[in-house]
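Input: a single structure, listed below in structure tokens.
Nothing in this text is a laboratory measurement; each read-out follows from the coordinates by a stated rule. Just so it is clear, the structure is predicted and the values come from calculations on it, not from any experiment. All Cβ positions, even for glycine, are placed from backbone atoms using ideal geometry, and neighbour counts span all protein chains on display.
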Amino acid sequence: MKLERFQGYILSLLVLLLPIFWLPLFFEAWEFPKLGLLFLLSLAGFGLTLAKEISAKTLRVFWPFDALVTGFVLIFCFSALFSNDRLVSLFGFYGRFSDGLIALISLALAYFSISRYSQNKKLLKLLLISALLACAPVFWSLNLAAPSFEALAMFLVPLVFVSLGQDKKIFRFFSFVFLAFILLIDYTPSWLVLVFVSGAYLIFLLVKSLQKQDKFLSLSLVLIFILALMGLVLLMPNLLNLAKEVTLDHQFSFQLAKQSLSSKPILGSGPGTFSYAFSKFRPIQFNQSSFWQLRFDRPVSYLVELAVSCGLLGLIGFLLIVGFGLKAAFSKPLFFSFLAGFLVLTVYYQNIVLGFVFWLMLSLIATDNSVVKEVSLERILKSRNLNLVFLGFVSLLTVTVVLMTFKIYSGDYFYNRGFQSQTSSVKVSWLEKAVSVNPFFAQYQVMLSRALLNQAIAESNTLDIFQLVTRSVQAANASTKTAPAWVASWETLAGTYQEILGLVTGAENWSITALNKAAELEPSNPLLYFKLGKVYFSQNNFDQAKDNFTLVQLLKPDLIEPKIFLSLIVEKQIGSEAALNSFSHLQNIYPLNPDITFQLGRIYFNQGQTNEAIVSFQQALKLNPQHLDSLYSLALAFEKQGNKAEAMVQIKKALELAPQNQILLKKLGDLNKD
């Protein structure tokens, strides 16, 4: 009985705390702490459950759900083994964590523990209370359940039906509170699920019995159905001015899943690697969207993510769990809650809380609808040596898990301190601690590399600059080894090399190698080819530069910068007259672009047409009064005309924008001497 009581305490804590567990001590204040809580309490709960079974000398197997869950976990394990990035598949993609193997194992352990807890129905009431507590801070624009308010709405959708299935009226009225918060958030997929499930529930009640209907339930469902329809049709006011989440749309999500499945159909690219698949298969049409510069680490649907990360085996394994769960719960109140939980994952991605709600309901279904098979443990328990080995293994595993958990969470605490630090040296110090404690997250190494580079840029001592740049390159290189398939690692390494052009021999070639690797991982990203073109241009390798800038135009025709560089290449390869025609043509197309107008003025100036140059520079400054190149060039043009007073005026304006610029300071000194 003591084991049962302790098991109840652990599981109650898990259900009550998980939706509201939010710790700003860490950089990722939602999913990262929740994963730690889920893992530790699920492990503790499973340990107590196992101890209880051992004390009873009987191991219970809930058929078929135990087999389905175990099979699903094994598919995840095999997918992680052959993953594009095993570390990411183990821990989950940084910032999410719910998509990794550790998260799934934690959810599976919670399933095994809750399904074998005799009073598990009480856990639903605790979940409703916790959800209510999670909603309260919304009025202060804070959401404890998940990083986005849309995720909170999706969390509340299945709980609307859970609360309607409770015996006590107070809990049944929770459904209206949850509905009110869903209304405030006004997220279309949440209305879709509510319309479908409430409509199906009403039809079920009508078919089942018109005489024995629960009037409160029927009226509640009618109200939910009407409000959900209104939410779909009408534009609800954003009364609390809540931030909106940016998600990958359905079209691109399914397109990526199709291409990823054609590449790795059986086991997918590995848990947590959707971001890698997005980079690899991102369609060219995505470059025309408003969010073309973003890299999405999640699709719009958990089912799509399963197809990408764990292939057809993972998707089929999950759908089998859902199918058996719906069949077992059919005609029971939990059926519609479970259906809503599944549909939420169909139209939205999974986070820690959404995953836990689904697996909690699956546990309750398994408890009441399984064929329980008992396996005797008496023969095993008689072996003293075997028991000692098992006890030693469990003790060693527990100590290892606790130490690793402490290291990983200490690392994220250090990372958060570094990220928030304003002083560059302090930032670097904290980030170096994060990397030393937890070398598994490439994100830490990338941020350390950038921090070291920023510190080097602000440094004046040549020796210190060289040492900081060297450490920055080392950190960026380490990130490419930790996450060789992550585009951001190679992009950071290339950027580091680009900052030291001229300081280190061969930096241009190293930058080209890193950018080519990044482009190999993300072949449809125009910015990578634009950066490559700029490096080739700096090497006077104009043919290669032209090829890359031309490719940028094919991938994203509305980008202006590559067109400017192509005109500059015309100037280098053909001459200033041809470049003048090219820039004039560009100015006709983009009359409001100050860079194009400046380039026209520069060519006029180089040709000795000073008056035309001054007109162009002044026009560029009308378009952008802070265009530093135009201010400096205008000063040179006035100086060339002998109007040094006006030249000094332009230099002083430029120095207001860049007071430490040595070229401007020297020019001001020269003008003062004259």
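So here's what we get for this one:
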| read-out | value |
| --- | --- |
| Aspartates and glutamates with Cα under 13 Å of Lys122, excluding same-chain neighbours fewer than 8 positions away | Asp167 |
| Efficiency of FRET from Cβ geometry, Asn672 and Thr513, R₀ 45 Å, rounded to 0.05 | 0.45 |
| Mean separation of Cα contacts under 8 Å, 6 or more apart, over the residue count of the chain: relative contact order % | 12 percent |
| Rg/Rg_ref, the stretch 592-674, where Rg_ref = 2.2 N^0.38 Å and atoms are Cα | 1.01 |
| Ordering of 157-169, 647-659, 345-357 by burial proxy (mean other Cβ atoms within 10 Å per residue, highest first) | 345-357, 157-169, 647-659 |
| Sorted peptide list for 600-611, 361-372, 308-319, criterion being average Cβ within 10 angstrom, highest first | 308-319, 361-372, 600-611 |
| Under 15 Å, Cβ to Cβ, from Leu3 - net charge with Lys/Arg +1 and Asp/Glu -1 | +4 |
| Fewest-first sequence of Asp297, Asp464, Asp629, Asp558 by Cβ atoms within 10 Å of each Cβ | Asp558, Asp464, Asp629, Asp297 |
| Residues of type aspartates and glutamates that Lys169 reaches as a straight line, Cα spacing below 16 Å, ignoring anything fewer than 8 places off in the same chain | Asp214 |
| Net charge of Cβ neighbours under 14 Å - reference Ser337; Lys, Arg +1; Asp, Glu -1 | +3 |
| Cα principal axis extents for the stretch 2-382, largest first, Å | 68, 55, 44 |
| Mean separation of Cα contacts under 8 Å (6+ apart) over length of the stretch 2-382, as relative contact order % | 26 percent |
| Principal semi-axes in Å for the stretch 531-674 [√(5λ), Cα gyration tensor, largest first] | 29, 16, 15 |
| Residue order, fewest to most surrounding Cβ atoms within 10 angstrom, among Ile596, Ile321 | Ile321, Ile596 |
| Candidate lysines - alpha carbon under 30 Å from Lys572, same-chain residues fewer than 8 apart omitted | Lys517, Lys531, Lys534, Lys546, Lys556, Lys563, Lys622, Lys640, Lys666, Lys667 |
| Assigned charges on the beta-carbon of Lys, Arg, Asp, Glu; the stretch 566-658 dipole about Cα centre (debye) | 160 debye |
| Kyte-Doolittle mean at least 1.6, axial Cα span of 15 Å or more - DSSP H helices of the chain | 65-81, 101-115, 122-135, 149-164, 174-185, 188-208, 215-233, 302-329, 334-347, 352-369 |
| Values of log10 I(q)/I(0), in the order q = 0.08 Å⁻¹, for the chain under a Debye, Cα-only, solvent-free model | -0.75 |
| Relative contact order of the stretch 533-586, pairs being alpha-carbon contacts under 8 Å that are 6 or more residues apart, as % | 24 percent |
| Net lengthening on full extension, Phe419/Ser55 (0.36 nm per residue, minus Cα-Cα) | 126.1 nm |
| Simple label model, 7 Å out from Cα along Cβ direction - Leu205 to Phe466, nm | 8.0 nm |
| Packing-based exposure ordering (other Cβ within 10 Å, fewest first) of Thr496, Thr482 | Thr482, Thr496 |
| Unit charges at the beta carbon, dipole of the chain: most positive-side option, Leu127, Ala153, Ile663 | Leu127 |
| Across Lys34/Lys280; Lys52/Lys373; Lys34/Lys125; Lys280/Lys481; Lys433/Lys481, pairs whose alpha-carbon gap is larger than 26 Å | Lys34/Lys280 |
| Restricting the stretch 242-324 to trypsin sites (Lys or Arg not before Pro) in coil, as DSSP defines it, with at most 13 other Cβ within 10 Å | Lys244 |
| Magnitude of the charge dipole, the chain, Cβ model with Lys/Arg +1 and Asp/Glu -1, debye to 20 | 2380 debye |
| Estimated [θ] at 222 nm from DSSP helical runs (n ≥ 4, -39500 (n - 2.57)) normalised by residues in the chain, nearest 500 | -24000 deg cm²/dmol |
